[in-house]
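Asker: Sharing a structure here in structure tokens format.
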Amino acid sequence: MARATIKDIAARANVSPMTVSNVLNGRRAKATDETVERIMAAVKVLDYRPNMSARSLVSNASKMVGVIIPFTENQNQLLLDNPFYAEMLSGIESALRAAGYYMMLSGVGGPNPHLDTLSHWNVDALIVLGVYREALFDQVRALNVPTLLIDSYVDDPEFYHLGVDDEAAACAATRYLIDKGHTGIALATGVIRTDGVVERRVAGYRRALSEAGIPYDPARILSGSVTFEWGVEAAARLVALPNTTAAFCTADLLAAGLLAGLHKLGRRIPDDYSVMGFDNLSVSRMVYPALTTVDQSILKKGQLAGQLIAAILGKQQPERKTLIPVTIVERDSVGARR
């Protein structure tokens with residue numbers, strides 16, 4: 001069955017197409033209550049749905065917000081392989097939907113990323129997760145639409161920023177382990193890139209060690225990828241490190257892998273090793289033992305991202321930089337060192 005049009009509604013309600021358009025777009029001043037009722041009854045009977053493409057051509061607003069997830073590591077080519085993104089996107093989508101916008105999701109990777117699809121869709125705004133100053137960044141800037149960067153340290157006055165103080169959060173997490181009596185603390189992480197989140201978390205880890213008078217040992221930096229598989233692999237490297245009793249992981253997914261790897265090696269947690277994560281994903285409550293971690297309220301962070309973009313498109317003036325506070329959630333994976 002062909003899709004109903006404004007002309008179909010006009011014919012059924014015995015009014016002009018212009019009157020139907022005015023009523024459906026909230027301009028009802030010239031229509032009587034009886035006319036409005038006839039039009040809305042026709043809309044229901046014909047199951048009319050507005051053509052968003054046509055509306056966007058007329059208003060020059062698509063009501064679509066592009067969300068870009070750059071693949072910054074070769075291992076992360078499956079868009080929702082990391083539950084971090086699933087929680088973040090759930091928050092973004094729900095907030096955009098509540099504000100009357102639609103989310104268009106795109107994963108972008110490779111040496112020559114392209115944003116052609118987003119430009120063809122004429123998105124009203126962009127939300128970009130974890131972008132660096134590289135080719136993709138230049139393309140984002142060239143789209144010339146309101147843009148919110150999440151977990152990015154690209155300093156550009158044209159963009160809005162949302163994130164946490166990663167250095168302070170990592171420092172607090174490492175200090176938590178130190179306060180439990182651990183002095184041999186490894187850091188398991190993904191790729192360390194200049195001006196990235198991981199670089200800031202490594203800096204926080206080093207600052208906590210320095211403040212406690214603990215020498216920094218580069219051998220205790222276990223850098224690979226933000227994957228469960230790398231966590232399992234890192235477990236063997238962790239147990240090979242002398243005088244090391246704890247590990248701070250810069251992501252819960254990685255920490256889950258580390259726990260699994262340590263179990264396979266016959267190590268007890270937290271008796272032999274204490275493990276701490278970062279994110280407070282749902283998986284942190286499912287592993288054994290339940291993971292002590294840094295909570296950065298990912299779902300709420302996503303919701304706030306959607307709300308900020310909606311506010312910007314609504315001609316409001318939110319702060320250019322928004323930081324979310326973090327807390328440490330104590331569970332069973334960290335124990336005191338006697």
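Asker: Give the order of ASP217, ASP33, ASP179 when sorted by the count of other beta carbons within 10 angstrom, beginning with the fewest.
Answerer: Values: ASP217 15, ASP33 8, ASP179 11.
Ascending number of Cβ neighbours within 10 Å: ASP33, ASP179, ASP217.
Asker: Still on this structure, please answer the following. How big is the chain on each of its three principal axes, counting only the C-alpha atoms and giving the largest first in Å?
Answerer: Dimensions of the chain along the principal axes of its Cα atoms: 85, 37, 33 Å.
Asker: Which entries of LYS7/LYS315; LYS63/LYS301; LYS44/LYS300; LYS180/LYS321; LYS44/LYS315; LYS264/LYS300 have Cα-Cα distances beyond 31 Å here?
Answerer: Going by Cα-Cα distance, LYS7/LYS315; LYS44/LYS300; LYS180/LYS321; LYS44/LYS315; LYS264/LYS300 fall outside the 31 Å limit.
Asker: A further question follows. Please identify, among GLU229, GLU37, GLU319, the residue showing maximal mean-square fluctuation in a Gaussian network model of the chain using a 10 angstrom Cα cutoff.
Answerer: GLU37
Asker: Sticking with the crude label model, points 7 Å out along Cα→Cβ, report the distance from ARG193 to ALA311 in nm, one decimal please.
Answerer: Distance between the two pseudo-spin positions: 2.8 nm.
Asker: Taking 0.36 nm per intervening residue step and subtracting the Cα-Cα distance, what contour gain separates ILE221 from THR32 on full extension?
Answerer: 60.8 nm
Asker: Applying the Karplus parametrisation 6.51 cos²θ - 1.76 cosθ + 1.60 with θ = phi - 60° to the phi angles of segment 260-275, what ³J(HN,Hα) value in whole Hz is obtained for each residue in order, glycine and proline being reported as x?
Answerer: 4, x, 5, 4, 4, 8, x, 8, 9, 10, x, 4, 8, 9, 9, 10
Asker: Given the options PRO242, PRO83, PRO146, which has the most mean-square fluctuation in a GNM of the chain, springs set between C-alpha atoms less than 10 angstrom apart?
Answerer: PRO242
Asker: What is the angle, in °, between the Cα long axis of helix 83-98 and the longest principal axis of the Cα atoms in the chain? Nearest 10 is fine, range 0 to 90.
Answerer: 30 degrees
Asker: Still on this structure, I have one more. For the chain, set up a Gaussian network in which alpha carbons nearer than 10 Å are linked by springs, and say which option among ALA31, ALA173, ALA260 fluctuates the most.
Answerer: Highest fluctuation of the listed residues: ALA31.
Asker: Ranked by Cβ crowding within 10 angstrom, fewest neighbours first, how are VAL191, VAL45 ordered?
Answerer: So the residues, fewest neighbours to most, are VAL45, VAL191.
Asker: Given the DSSP H assignment, sum -39500 (n - 2.57) over each helix run of at least 4 residues in the chain and divide by its residue total; what's the result at 222 nm in deg cm²/dmol, nearest 500?
Answerer: -12500 deg cm²/dmol
Asker: Counting other Cβ atoms within 10 Å of each Cβ, which GluC sites (Glu not before Pro) in segment 128-193 have at most 11 and sit in a DSSP loop?
Answerer: Those satisfying the criteria are GLU158.
Asker: Whole angstrom only: what separates the Cα centroid of segment 259-293 from the Cα centroid of segment 164-215?
Answerer: A separation of 18 Å, based on Cα centres.
Asker: What's the exposure ranking of CYS171, CYS249, going from fewest to most Cβ atoms within 10 Å?
Answerer: CYS171, CYS249
Asker: Once label points are set 7 Å from the Cα along Cα→Cβ at both SER210 and ARG331, what is their separation, rounded to one decimal in nm?
Answerer: It is 3.2 nm.
Asker: Let me check against my output: what whole-number percent is the relative contact order of segment 6-50, with C-alpha pairs under 8 Å and at least 6 apart?
Answerer: Details: 29 pairs, mean separation 17.5, N = 45.
Once normalised by length, the contact order is 39 percent.
Asker: Still on this model: Applying 1/(1 + (r/R0)^6) with R0 = 45 Å to the Cβ-Cβ distance of ASP156 and ASP81, what FRET efficiency is obtained, to the nearest 0.05?
Answerer: After rounding, the FRET efficiency stands at 0.95.
Values quoted throughout were computed directly from the atomic coordinates according to the rules given, and no laboratory measurement underlies them. In this text, all values refer to a predicted model and were calculated from it rather than measured experimentally. Because the Cβ atoms are built from the backbone with ideal geometry, glycine has one as well, and the counts that use them run over all protein chains shown.
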